[in-house]
1. With the structure loaded, tell me whether Glu76 is of a type in the set (D, E, K, R), over 26 Å from the mean Cα position of the chain (by Cα) and assigned to a helix (DSSP H, G or I) or whether it fails that test.
2. Return the only residue of Ser93, Ser37, Ser86 being exposed (fewer than 10 other Cβ atoms within 10 Å of the Cβ) and among the hydroxyl-bearing types (Ser, Thr, Tyr).
3. Would you check which residues across the range 1-47 are among the aromatic types (Phe, Trp, Tyr) and within 39 Å of the chain's Cα centre (by Cα) and list them?
Amino acid sequence: MADEPTLGEVARRLEAIHADLKEDLREYGTRLDQKVSVERYELERRAADEVHRQVIERIAAMEAERVQEKQNADVERRKREDQRRSDRRLVFSCLAAPVLLLLLQAYLAARGAGT
């Protein structure tokens, strides 16, 4: 019987186990208090996803606007180039035609076709 614990020792061991369990439960409680609930996690995740979606949409809109501005600039550039070509033709015809007529008159006058 010397190997068996006495009732006092059993009671002390049970009290120690009980105290350890209480401490462990308190520790788990504080850990659980620090954890985020699944609902809150889902709400925060959805909010973050929504923010990311909005940022992506804004970036896509800015990119589309940039492409549209580039196309508009190309159209304006082509219009200006067409106008310059038209102006060159007009200037050439305004300057070259009288010079050619003057040369033709001088040629005809020199040949005596005018008399």
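1. Yes: the conditions hold for Glu76.
2. Ser37
3. Tyr41
Values quoted throughout were computed directly from the atomic coordinates according to the rules given, and no laboratory measurement underlies them. Note that the structure is predicted; figures quoted are calculated from it, not measured. For neighbour counting, all protein chains shown are included, and Cβ atoms are generated from backbone atoms with ideal geometry for every residue, glycine included.
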